[in-house]
Structure formats: C-alpha cells, structure tokens
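Working notes, beginning with the structure itself.
The values are calculated or read from the model by the stated rules, or taken from the named source; none is laboratory data. For clarity, every value in this text was computed on a predicted model and none was experimentally measured. Positions of Cβ are backbone-derived with ideal geometry, glycine not excepted, and every protein chain shown enters the neighbour counts. The area values use the complete protein model at the heavy-atom level, side chains included, leaving out ligands, DNA and RNA. Shrake-Rupley method; radii C 1.70, N 1.55, O 1.52, S 1.80 Å.
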Amino acid sequence: MTDIALDRRHVPADLPERIQHYIDGEFVDSVDGGTFDVLEPVSNDVYLQAAAGQRADVDRAVAAARRAFADGPWPRMLPRERSRVLHRIADIVESRDARLAELESFDSGLPITQALGQARRAAENFRFFADLVVAQADDTFKVPGRQINYVNRKPIGVAGLITPWNTPFMLESWKLAPALATGNTVVLKPAEFTPLSASLWAGIFEEAGLPRGVFNLVNGLGEEAGDALVKHPDVPLISFTGESRTGQIIFANAAPHLKGLSMELGGKSPAIVFADADLDAAIDATIFGVFSLNGERCTAGSRILVQRAVYDEFVERYAAQAKRVKVGYPHDPATELGALVHPEHYAKVMSYVEIGKSEGRLVAGGGQPDGFTFGNFVAPTVFADVPRDARIFQEEIFGPVVAITPFDTDEEALALANDTKYGLAAYIWTNDLKRAHNVAQAVEAGMVWLNSNNVRDLRTPFGGVKASGLGHEGGYRSIDFYTDQQAVHITLGEVHNPTFGRN
Ligand code: NAD
C-alpha cells in the first residue's frame, strides 16, 4: 500500500485492541486464551485480536443463557415490558448510528453511506418486533358447549444465532430482535471477518436494561465456535445466515438433536428485463442491485437477462454506467463501491473475474480499479453474452461482478432464470401486467420484485427456495420460528369418555 493511500485511509478514533466474548453480563477471554487476527480491508493490516471461542466458551455462554431462561425475568415479562426494552435498544442504536456506521465501514469495507443505512435498519428491526409482540394475538377455537381450545405461545429456550459478514450489525439485529422479543435468551456467534460492530451490542443491551445472561456473544471461527453452538444439546434453535454449503453442514450437525432450523443461504438472483420495460429505471436498479453493498448482497441481481430487441442498447448503456460507479475509500461519503471484506474473499472474487474472461465478453472492469491497486478493491465488472452453463452464470460470486445474457421469449427468460440451484430473489422489469404476474409466479424465487429495486417491507416473508434457504423469517414468521405453539384443549361440558375395561 502506498504512503498516500495510507494517509487517506480513515482509522476511527478509540478502536479497541482486542475483542472479548460477552458471557453472563461480563466481558471475558477464551478459556484457553486463544485469539484470532482481524484485518481491515483497505490495507489488510491486522488491527485487533478477537477472542477465539472454543467448545468450552460456548458451554459457558449456553449455561448462562439457560440460567437466564430458566430462572430469569425475561421469558416471564409482559410483552409490553420486553417491548419497552426493545424500543430503548432501537433508540440507542439510532442515537449512535454515525459511530456504528464508522466502525462497520472500517471493519467490513462497506461504503459509509450504506453502512449508515444498515445501522438505521438495525434500529428499525428492533422497533418492528417491539411493536409486533404487543400486537400479537393467538388463536382460540370453540366447539360450542363442549370444548374450548387455545394456543399457548411460549419462548423455546436458548437460540443460537450465527451470522455472516456482509452486513454484520444489521443481520445480527434481524435475528436478535425477534428472538429476544419473544422471550428467548440467545448466544450470538458473529462472522469472524467482522467482529467489531457485534462487540457493541453488549453495551447497548446493558444500557437498555436487558437482564443479565439474556444476551451472550461468543466470537470465533465457524468450524470451532459455530460448530460447538450447532452441536450443543441445550440449544434447541439455530438461526443461520450464510453460504449454502455451510447451511448443509449445519443441517447435518443439527440432525441428531432435531433442532429447529432457519436457514437464509446464498443466491444467484436473476433480473429479467423485457423489451417493453422502462429501460432507464431498469438500468439504475440493476446497477444498484449488484454494485451496492460491494456486491456482497445475498439478494444481488447478479444475472441480468435482457430481451434481444433491447439487448445491445442495454449492454452498452449498462457498461458505460458501471464504469462510472464510484470506487473509493469506504469512509468517503461519495464512495459507491468500497473494498471487499477480506483478502480471502477478494481472491475468490478475482478468480471469478478471471474465469469470466474466458466465459463471456468483458465490457467493464475486469480487475483492480484505477488508483486502488492495494487492499481489496475490485472494479465494477460486467460480462455480456454469458451462456447458461458458464460458472459465472451458475455460481454465487458475492462481489461486484455481473453476467448479462440475452433471451427471446418469455419461456426462454423463465427457463434461464430458473436454471441455477439457487432461488432467493428475482427482479422483473416489464410494463405488461399479465406477463409481469405470470413470470413472477412461475419464477423459482422466495422473493420477487416487479419494476422495483430490493425494497423490503418488514412484514413480508423473507427467505429462499431450492439451495437458497429453508423456512421463512420476516414479520409473524419470525415470531413463529422463535416460539412453540402449544395447543391446550379444555372440556366445557360433560366428559365424554369411551370407557375401556368396564366391568
Ligand atoms: P459462511 O457460511 O462462510 O459463514 C456464515 C457464518 O457461519 C459465520 O459466522 C461463520 O463463522 C459460520 N460458520 C462457518 N462454518 C460453520 C460451521 N461448520 N458450523 C457453524 N457455523 C459455521 O458465510 P459468509 O461467507 O460469512 O457469508 C456470505 C454468504 O451468506 C453468501 O452465500 C450470502 O449469499 C449469504 N447470505 C445470505 C443471506 C440471506 O438472507 N439469504 C443474507 C446475507 C448473506
């Protein structure tokens, strides 16, 4: 890295030098004292050590969470009381959004403006579930004169939450908020590439009045700390977001315990642009869809399928606009595309850029951006004429790399859209009402946006089909995942028993 680049890099004030676990209301080191290196992605310098949790640390965290669940006030509080704590958490997160964004951007390489949006979304997740639990109603079924049956909804116990590095704080909030709102206690295992923002939760929760032991955090590698959490017999629920391959491993490891699993996994989502679409809007949205969040977005529209009549124009305009996407230092408010999270991930994305050069026609990017030949910067990269059997068409790259493919008919568009193992999101651009709904309903994706970017309503189901996930969270579905719905049956009239063994 050049001296000029080092000078221009922003290092937040008051960075910690080490990050510990947070167990039973205390910051603690690993039982064996082990740590791992944490890098920042502009220079790839190691800037702190984080405690590397092992089975013994997970055992302590789960024991604390168990105690808080069995004996503590949290699961027994009125929904309104828990809701107040959750609203206070949202208030605190909002009041610290600038600092949160600064740390997140430094640790993950996300552009600061986008990190700020994610911090605010994290607050909104807490507010949303704070409101939802006080509005929660459960079913009662009457059999006139004979029986009344009702649902007794209860928290399940210790929820294990395992999260990825792409929008760390926001994705943690997405699991923490519903798990806590419903009265569970939790052990969070954040991604090892980006532990910085997660270390702030403990202080925020203490300040908001969350009782001791309800929230526990164990840092560490997935194969160690994550694995121990998944295999722990006292953790009945695992909510996981990450790669499909990791999801398969977790699924297998959770099987002997028959745990409740929620899996939000990878994607290779199509954006289908028909010739009758509003091309200006479609280009803006599909640029944002794959280059925002550094392309490290599970719902990225990373395969753009374009109808032949507008294909050449689309490719030309798209490539020109992609070249103008502003690559820059993550802390610079003008930056649209920052640095990828980690050199390992950078190497993976760059290997796909090289593969793409023999699979498609490179029309933008294709390497490091001008002036950013250090750290983990990748130029916005666009390949056109990509065939359906290409690896860059089939495999999740999770970086600022997009494949564009032409099609002729609606049937061909659908066949191409559905021809991957993934099924997370789909984006459809057309002004034909019938086509819009027919394609939306036939596309194999958990979520579809019509003439729209990825704008999410927190009440709607979130999740993927095929290799993109198992189960849905979002709104009441998250409440369902984190609670047991016990059916209680009561006889009102005479007891009608078939009598066995009468004399
Ligand atoms: P990853 O699967 O490598 O890691 C995710 C988490 O799992 C990390 O905390 C990691 O430490 C842990 N882990 C790894 N191996 C484990 C094991 N054997 N047992 C238990 N835990 C383990 O994923 P990543 O690289 O951090 O994140 C990127 C992936 O996440 C992409 O595939 C992306 O599409 C996906 N993602 C999906 C969504 C969604 O909602 N569908 C959202 C964001 C990211």
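Of the peptides 292-298, 474-480, 463-469, how do they stack up when ordered by the mean number of other Cβ atoms within 10 Å, highest first?
Highest to lowest by the protection proxy: 292-298, 463-469, 474-480.
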Requested in this report: Excluding residues fewer than 8 places away in the same chain, name every one of the lysines whose C-alpha is closer than 24 Å to that of Lys421.
Outcome: Lys268, Lys348, Lys357, Lys466
Report task. Calculate, in whole percent, how much of the Cα-Cα pair population of region 55-152 lies beyond 20 Å. Result -> 63 percent
Query raised in the report: Which value in Å does the Kirkwood hydrodynamic radius of region 201-326 take, with 1/r averaged over all unlike C-alpha pairs and then inverted?
Result: 18.3 Å
Report task. Return the calculated 222 nm mean residue ellipticity for the chain, to the nearest 500 deg cm²/dmol, obtained by summing -39500 (n - 2.57) across DSSP H runs with n ≥ 4 and dividing by the residue count. Result -> -11500 deg cm²/dmol
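Using the per-residue mean of other Cβ atoms lying within 10 Å as a proxy for protection, in what order, highest first, do the peptides 405-416, 220-231 fall? Walk me through the numbers on the way to the answer.
Numbers: 405-416: 17.1, 220-231: 22.1.
For the peptides 405-416, 220-231, the packing ranking is 220-231, 405-416.
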**Report entry** Cα centroid separation, region 207-270 to region 46-93 (Å)
**Finding:** 15 Å
Requested in this report: Show me 97-104, 435-442, 121-128 ranked by packing, highest mean number of other Cβ atoms within 10 Å first.
Outcome: 121-128, 97-104, 435-442
Report task. State the antiparallel share, in %, of DSSP beta bridges confined to the chain, rounding to the nearest 5. Result -> 45 percent
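Looking at the chain, do any whole DSSP H helices span at least 27 angstrom along their long axis by alpha carbon and average -1.0 or above on Kyte-Doolittle, and which?
Span-like helices in the chain: 112-135.
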Report task. Measure out, as a whole number of angstrom, how far apart the alpha-carbon centroids of region 472-503 and region 324-354 sit. Result -> 53 Å
Query raised in the report: Given N residues in the chain, what is Rg(Cα) / (2.2 N^0.38 Å)?
Result: 1.04
Requested in this report: Could you state the accessible area per residue of the chain in Å², with a 1.4 Å probe and every protein chain left in place?
Outcome: 41 Å²
